[in-house]
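Engineer: Okay, here's the structure, questions in a sec.
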């Protein structure tokens with residue numbers, strides 16, 4: 001399966017970062033009318049993903065719903081997002097590069113008990129911003145409860161924060177295309193031991209940082225490995241092929257396995273199904289033999305090259321001796337014999 005669209009958020013639904021027993025908060029992206037949908041937004045139920053050309057702006061809306069049993073102070077902001085081993089994470093210590101791009105119709109307001117409020121988010125890209133890049137961030141919505149003026153009253157201090165991933169592609173939809181495919185999973189020997197090798201090709205126009213997991217099931221149906229094997233990866237540039245290596249867990253017994261690989265890049269995904277034979281001794285031996293064959297092949301090629309040079313030099317030397325004999329015969333008046 002080949003996935004194609006703009007790289008979007010790593011999670012289709014946001015998650016509450018911190019919770020409080022008296023607080024309840026839900027944040028949803030208001031769907032755009034069908035005629036205004038970005039091509040890459042299809043199938044993304046609650047993520048802020050859009051393309052925007054330099055010097056232009058776009059407006060999106062969000063709904064903030066309170067399930068608290070008291071009025072809460074709502075604050076909206078933009079958080080810094082970075083990738084660690086391919087996974088998008090929030091870092092409160094840093095400031096997002098698109099923080100200045102975003103204006104909220106209201107970024108701080110009091111929301112009554114069980115009330116819902118809709119606010120607008122206006123995003124403006126600087127005119128000199130390079131095209132063909134994707135900038136990731138987080139939309140943060142926080143509900144706060146503070147101590148009341150009457151200190152004798154019972155109160156619980158706390159905050160609930162909702163974080164929704166943002167992906168902004170700078171340029172038009174022809175410049176912001178994410179596409180990738182996954183090949184057949186094989187076994188290779190690595191320094192750490194026998195590993196699954198998962199080839200991923202970036203067929204799009206933007207870098208990707210895929211994550212995913214492997215699921216194993218016995219070919220004969222007599223074995224089962226219940227846990228999925230997750231993995232992350234660094235960046236794969238546009239047009240590149242990179243093989244992700246995942247160490248085979250020691251808990252997986254030697255057998256014939258169906259290997260199902262599912263690779264995710266935001267809301268996009270691609271899958272691959274392969275059959276491998278796990279035999280730790282034979283795999284190790286096979287790789288040793290394969291390495292030996294490579295060495296022998298290289299030596300053989302060098303040997304052929306030097307034999308060719310030797311023959312060529314011998315032929316040249318023979319021609320030189322014949323030419324000298326002919327010149328000597330001409331000087332003595334003899335007719336050379338051929």
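Engineer: Which residue out of 206, 173 is outside any strand (DSSP E or B), in contact with a helix residue (DSSP H, G or I) (Cβ under 9 Å, 6 or more places away or on another chain) and closer than 30 Å to residue 60 by Cβ? Explain how you work it out, then say what you get.
Structural biologist: Working: 206 fails: in contact with a helix residue (DSSP H, G or I) (Cβ under 9 Å, 6 or more places away or on another chain).
The conditions single out 173.
Engineer: In the list 118, 129, 136, which residue meets the criterion of being part of a strand (DSSP E or B), modelled with pLDDT of 90 or more, in contact with a strand residue (DSSP E or B) (Cβ under 7 Å, 6 or more places away or on another chain) and not assigned by TED's automatic domain parsing to the domain that holds residue 241?
Structural biologist: On the way: 129 fails: part of a strand (DSSP E or B); 136 fails: modelled with pLDDT of 90 or more.
Among 118, 129, 136, only 118 is part of a strand (DSSP E or B), modelled with pLDDT of 90 or more, in contact with a strand residue (DSSP E or B) (Cβ under 7 Å, 6 or more places away or on another chain) and not assigned by TED's automatic domain parsing to the domain that holds residue 241.
Engineer: Within region 85-96, can you find the residues that are in contact (Cβ under 8 Å) with a residue 40 or more places away in the chain and within 30 Å of residue 127 (Cβ to Cβ)?
Structural biologist: Correct list: 88, 90, 96.
Engineer: Cβ contacts < 7 Å: first residue under 23 Å from residue 95 (Cα atoms), restricted to region 58-84; second residue outside any strand (DSSP E or B) and modelled with pLDDT under 85, any location; separation 6+ or different chain. Result?
Structural biologist: Final answer for the pair search is 83/209.
Engineer: Oh, and also: When region 164-179 is examined, which residues are found to be surrounded by 22 or more Cβ atoms within 10 Å (Cβ to Cβ) and under 24 Å from residue 242 (Cα atoms)?
Structural biologist: 167, 169, 176, 178, listed by residue number.
Engineer: Taking the conditions exactly as written (more than 29 Å from residue 47 (Cα to Cα) and modelled with pLDDT of 90 or more), does residue 185 satisfy them or not? First the steps, then the outcome.
Structural biologist: Numbers: more than 29 Å from residue 47 (Cα to Cα): yes; modelled with pLDDT of 90 or more: yes.
For residue 185, the condition - more than 29 Å from residue 47 (Cα to Cα) and modelled with pLDDT of 90 or more - is met.
Engineer: Considering only region 209-220, state which residues are outside any loop (DSSP other than H, G, I, E, B) and surrounded by 19 or more Cβ atoms within 10 Å (Cβ to Cβ).
Structural biologist: Residues of region 209-220 that are outside any loop (DSSP other than H, G, I, E, B), as a first pass: 211-218.
If the condition is that a residue be outside any loop (DSSP other than H, G, I, E, B) and surrounded by 19 or more Cβ atoms within 10 Å (Cβ to Cβ), then 211, 212, 214, 216 are the ones that fit.
Engineer: Looking for something in a loop (DSSP other than H, G, I, E, B), at pLDDT below 95, on the phi > 0 side of the Ramachandran plot and under 20 Å from the mean Cα position of the chain (by Cα) - is there at least one such residue anywhere in region 83-105?
Structural biologist: yes
Engineer: Here's a follow-up. Going by what's in this entry, would residue 267 be described as surrounded by 15 or more Cβ atoms within 10 Å (Cβ to Cβ) and modelled with pLDDT of 75 or more? Reasoning before the result, please.
Structural biologist: Values: surrounded by 15 or more Cβ atoms within 10 Å (Cβ to Cβ): yes; modelled with pLDDT of 75 or more: no.
Criteria not met by residue 267.
Engineer: Let me ask something additional. For residue 227, only one of the following conditions fails: (1) assigned to a loop (DSSP other than H, G, I, E, B); (2) under 16 Å from residue 248 (Cβ atoms); (3) at pLDDT 80 or above. What is its number?
Structural biologist: Every condition holds for residue 227 apart from (3).
The values are calculated or read from the model by the stated rules, or taken from the named source; none is laboratory data. Predicted, not measured: the structure shown is a model, and the values here were computed from it. Note that each Cβ is placed from the backbone with ideal geometry, even for glycine, and that neighbours are counted across all protein chains shown.
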